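Read through the structure below, which is laid out as structure tokens, and then see the notes.
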Amino acid sequence: MILKNFYKLFLLFLLLFPFNVTSQEQIRIDFYKTIRCLVCDGQSIYDSETTFAQNLREQIKLKFNQGLTKKEIKNELLTIYGEDISFQPKKNKLFLWFSPFIILSLIFGLNISRYKKKLNKK
Amino acid sequence: MNKIKIIIIPVVLLAIALVIILNLNNDRNLVEKSYPPLPQIIFEELSYFKNERIGNNLNDRKYMINFFASWCAPCLAEHPSFMKLKQKGIIIIGINFRDEESNLNQWLNEHGNPYEYVIRDDGDIAFKLGLIGVPETYFIDKQVIYKKIQGPLFGNDIEEFL
């Protein structure tokens, strides 16, 4: 009887333990993927194998273990390394990025009437 | 239609110009961005060879903080110019970044020790100072960083910053 229960507990442990670990690790990995490696700009610190990325991963892991939230860690990173460290652009830059499309659509919009006139003449 | 165009086009151009100018100002702020404050661990930790704390010894002096490691080849390239600086009496704090103790000893024995204090770091100090890669050198006056150089430094360049 005791043995049976022990097996059940053991199975439960086997089933639950790995899931718990991976989920916490998954949170960290998802966070790493939002942080840019400043040595190799195109990669996140999750993809990169530079010492910079390794060190940042370790330090962020320590901070997670200390119980800091994602937002607090991100803010700390932003104050130390500046805006470049994050893959998410600041909102005031969004207009700059989309301005070419806005200008293009304005040009098309203004010229539609002219094209229509040309078509009508034909 | 032409009247509308005459009004709209200058307005759009003005708006674009405004946005660009505002963003340029932002970038200028980034360039003048202040460096992070010096972490206190540097002054509280026992230095490696001297077995003493830096404490308040350097409070009103100009000095340099240099991140180095025995596994880092560019560090070796800038090493001779640091030896010359030591002879001139310039204080350099060496922060040994993610290194083996035996390798550090061997490296300094082989090439000489230009550092007034050596502090061993597993990444904590580097993180707080915003290190990107070794070698990296900080120039400090009255406990405030006024210049940061990433990559190896050579003789004349250093004297420009001091």
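The values are calculated or read from the model by the stated rules, or taken from the named source; none is laboratory data. Treat the numbers as computed from the prediction; the structure is a model and nothing was measured. Positions of Cβ are generated from backbone atoms using ideal geometry, with glycine treated the same way; all protein chains shown enter the neighbour counts.
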What is the number of the single condition among (1) surrounded by 18 or more Cβ atoms within 10 Å (Cβ to Cβ); (2) modelled with pLDDT of 90 or more that B:Gly133 does not meet?
(2)
What do you reckon, is A:Gly42 exposed (fewer than 10 other Cβ atoms within 10 Å of the Cβ), closer than 24 Å to B:Cys72 by Cβ and away from chain B (no Cβ under 11 Å)?
yes
List the helices (runs of 4 or more DSSP H) inside the stretch B:1-99, counting only whole elements, that have at least 2 residues being away from every other protein chain (no Cβ under 14 Å) and at pLDDT 90 or above.
B:73-87
Given the conditions (1) of a type in the set (S, T, N, Q); (2) farther than 30 Å from B:Ile16 by Cβ; (3) modelled with pLDDT under 90, and given that A:Gln88 satisfies all but one, which numbered condition is not satisfied?
(2)
From the list A:Ile112, A:Ile80, A:Ile103, which one is in a helix (DSSP H, G or I), in contact with a Gly (Cβ under 8 Å, 6 or more places away or on another chain) and either farther than 22 Å from A:Phe31 by Cβ or not acidic (Asp, Glu) (or both)?
A:Ile80
Out of the residues in the stretch A:98-122 that are facing chain B (nearest Cβ under 10 Å) and of a type in the set (A, V, I, L, M), state the one that is farthest from B:Ile20 (Cα to Cα).
A:Leu110
Residues of the stretch A:57-73 classified as without any contact (Cβ under 8 Å) to a residue 24 or more places away in the chain, of a type outside the set (S, T, N, Q) and either touching a strand residue (DSSP E or B) at 6+ places or on another chain (Cβ under 7 Å) or surrounded by 16 or more Cβ atoms within 10 Å (Cβ to Cβ) (or both), total
1
Give me the pairs, please: first residue somewhere in the stretch A:35-55 and in contact (Cβ under 8 Å) with a residue 40 or more places away in the chain, second residue anywhere and among the β-branched types (Val, Ile, Thr) and crowded, with 21+ Cβ neighbours inside 10 Å, beta-carbon distance under 7 Å, and either six or more positions apart or on two chains.
A:Ile35/A:Ile45; A:Ser44/A:Ile35
Hey, can you tell me all the residues within the stretch A:34-55 that are of a type in the set (S, T, N, Q) and either more than 12 Å from the chain's Cα centre (by Cα) or not in a loop (DSSP other than H, G, I, E, B) (or both)?
A:Ser44, A:Ser48, A:Thr50, A:Thr51, A:Gln54, A:Asn55
